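The next block holds one structure in the form of structure tokens; read it before the comments.
The values are calculated or read from the model by the stated rules, or taken from the named source; none is laboratory data. Everything numeric in this text was worked out from a predicted model, so none of it was measured. As a convention, Cβ positions derive from the backbone with ideal geometry for all residues, glycine included, and neighbour counts pool all protein chains shown.
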Amino acid sequence: MNFLKRLFNRKSETVTRYQIVTDKGNGTFIYSGKIYQSDIVTACLAPYKKAVGKLSPLHVRKSKDNTEIFPEPYMRFLLEEPNTLLTMQKTLEKIVSPLILSGNAFILIVRDINGYPLELFPIPAVSAEAVYMNGELSLKFIYQNGKTYTHKYDDIIHLRMNMTENDLFGEPVMPALSKLVNLVETIDTGVSKAIKNSNAIRWLVRFNSAVRPDDMEKQIKLFDETYMDVDKGHSTVAHDLKTDVTPINPQNYVPNFPITESIRQRIYSLLGVNEKIVQGTFNEDEWNSFYENSIEPIALDLQSEFTRKLFTRKERAFGNKIIFAANSLSCASLSTKLQFVSMVDRGAMVPNEWRDLFNYAPIENGDKPIRRLDTALVEGGDEDES
């Protein structure tokens with residue numbers, strides 16, 4: 001493809017280098033080793049993926065007198081099917097993990113010969129390096145397959161979180177998160193070994209006279225084969241004066257719950273979730289709080305980046321922009337949804353938008369706004385009062 005021709009110009013001035021979190025096929029991130037294999041981290045990322053994947057991108061052209069939705073067919077197709085492999089939902093889900101964990105996510109814009117966006121591809125990079133090529137800012141990526149590609153920054157949708165010291169890249173949560181995940185793995189390993197050890201030894205056989213190690217091992221093996229085999233059905237154990245047989249009661253190992261719970265809550269706080277969000281037991285207010293605190297900033301970042309990278313300044317001057325609509329009322333209670341009928345009566349919502357809250361199919365002429373007969377437009381609102 002034509003856009004690959006510019007990838008082999010290596011005359012550049014390095015600005016900064018940044019390590020990116022990438023999810024490989026074997027379930028590990030290059031940056032952290034085993035961080036994505038943690039069940040807690042996977043559970044924390046799942047609500048983000050589901051919520052961000054539900055965002056609906058719309059091409060809006062707003063003028064003084066009118067607002068058009070998807071005025072250009074090519075943009076509708078691009079936002080519905082960004083490439084031949086992924087839908088927009090899967091594309092958004094794919095960028096969530098690197099965005100949350102590394103603070104950065106990248107989407108490559110492939111343009112046609114006229115400069116119009118043709119396809120969008122999430123970039124599965126191991127690392128990213130900011131470089132200047134012919135005085136123009138570019139990003140040099142090392143992909144998971146080891147190959148290196150350089151793309152113009154104008155052709156990259158760059159999403160960022162936790163921007164502090166660096167002017168271009170977001171800051172990762174990996175250094176703090178990896179310590180907590182290592183603590184969880186250490187506790188899990190200790191619990192596993194303790195459980196195995198507590199169930200490994202059931203009987204203590206003490207020999208009352210000196211016995212060679214080989215003979216001792218034979219006696220123990222004979223004891224196991226004779227009395228430990230449940231299929232033989234022995235209810236009585238016989239022994240002579242040469243040995244004393246004492247049963248060992250297994251002790252169930254219980255981990256220190258306050259410590260493990262404290263670590264889990266610290267991971268939740270670091271990733272911006274809580275137990276109800278992770279387990280899907282939230283109510284309407286709890287979901288709205290999570291959405292406003294964690295999902296809405298991502299939606300706004302997507303909105304601004306898609307708009308400024310997919311449209312030129314001239315196109316934006318004519319009111320073109322990309323918005324990411326969110327049906328944040330999907331978890332609302334039935335009474336809350338029913339209250340929105342007043343918005344339908346006053347033309348603030350069309351009937352089909354209200355029906356969508358209940359997951360009902362659209363109806364004919366349901367996209368036309370309606371207004372109750374006892375309401376009317378305000379006349380003379382822009383006139384000076386005498």
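Summary table below
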read-out: Selected residue [surrounded by 14 or more Cβ atoms within 10 Å (Cβ to Cβ), more than 25 Å from ILE298 (Cβ to Cβ) and assigned by TED's automatic domain parsing to the domain that holds ILE322] from TYR153, TYR149, TYR143; value: TYR149
read-out: Some residue of the range 261-284 being of a type in the set (A, V, I, L, M, F, W, C), modelled with pLDDT under 90 and under 30 Å from HIS59 (Cβ atoms); value: no
read-out: Any chance ASN145 is polar (S, T, N, Q) and more than 19 Å from the chain's Cα centre (by Cα); value: yes
read-out: The range 286-303 residues that are without any contact (Cβ under 8 Å) to a residue 40 or more places away in the chain, paired with ones that are part of a helix (DSSP H, G or I) (beta carbon under 8 Å, 6 or more apart); value: GLU286/LYS276; GLU286/ILE277
read-out: Hey, PHE324 in a strand (DSSP E or B), under 18 Å from the mean Cα position of the chain (by Cα) and of a type outside the set (D, E, K, R) or not; value: yes
read-out: Of all residues in the range 109-136 being within 21 Å of ASN166 (Cβ to Cβ) and of a type in the set (A, V, I, L, M, F, W, C), the one that is surrounded by the most Cβ atoms within 10 Å (Cβ to Cβ); value: ALA125
read-out: Among residues of the range 279-295, those that are farther than 17 Å from LEU45 by Cα and not in a helix (DSSP H, G or I), counted; value: 1
read-out: Single match in ILE322, ILE295, ILE370 (criterion: of a type outside the set (D, E, K, R), in contact with a His (Cβ under 7 Å, 6 or more places away or on another chain) and either surrounded by 12 or more Cβ atoms within 10 Å (Cβ to Cβ) or modelled with pLDDT of 90 or more (or both)); value: ILE322
